[in-house]
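Below you'll find the structure, written out as structure tokens, and then a few comments.
The values are calculated or read from the model by the stated rules, or taken from the named source; none is laboratory data. Because the structure is predicted, anything quoted here is derived from the model rather than measured. No Cβ is skipped: glycine too gets one built from the backbone with ideal geometry, and neighbour counts run over all protein chains shown.
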Amino acid sequence: MTEPVMILVALFVVALVIGTVVRAARAPKGARFRAAFSPYVGALEKHQELHTGQRGVQDVMIEAVHEQEHGGRAGDRGDGAAER
């Protein structure tokens, strides 16, 4: 790698570390680890979704909540026609 690229990579890593520390410091005492690392977990989940083609945990949970609230499938309007 050339020197300017290495400097940019180092700055990016420093920005990630600072952001993680700030998120952890601002979070409530019992949820610091989750608050600090949740963006990384979300990014890794999205990466896995794109490579495997499967839906992620967050998408599945949102659909399940929607089904519970509306008493049916997520795309079901109740008149037999699915939403598009």
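A few notes on this one:
- A Cβ distance below 6 Å, combined with a sequence gap of six or more or placement on separate chains, defines the contacts here; from the stretch 1-30, residues that are touching a residue at least 12 places away in the same chain (Cβ under 8 Å) and assigned by TED's automatic domain parsing to the domain that holds Val41 reach residues that are aliphatic (A, V, I, L, M) and not in a loop (DSSP other than H, G, I, E, B) in the pairs Thr20/Ala36; Arg23/Ala35; Arg23/Ala36; Ala24/Ala36.
- Taking helices (runs of 4 or more DSSP H) as the structural unit, those lying wholly within the chain and holding at least 1 residues that are modelled with pLDDT under 90 correspond to 32-52, 57-70.
- Every pair of residues 6+ apart whose Cβ atoms lie under 6 Å, when the first sits in the stretch 49-65 and is closer than 17 Å to Pro39 by Cα while the second is in a loop (DSSP other than H, G, I, E, B): Glu49/Gly56
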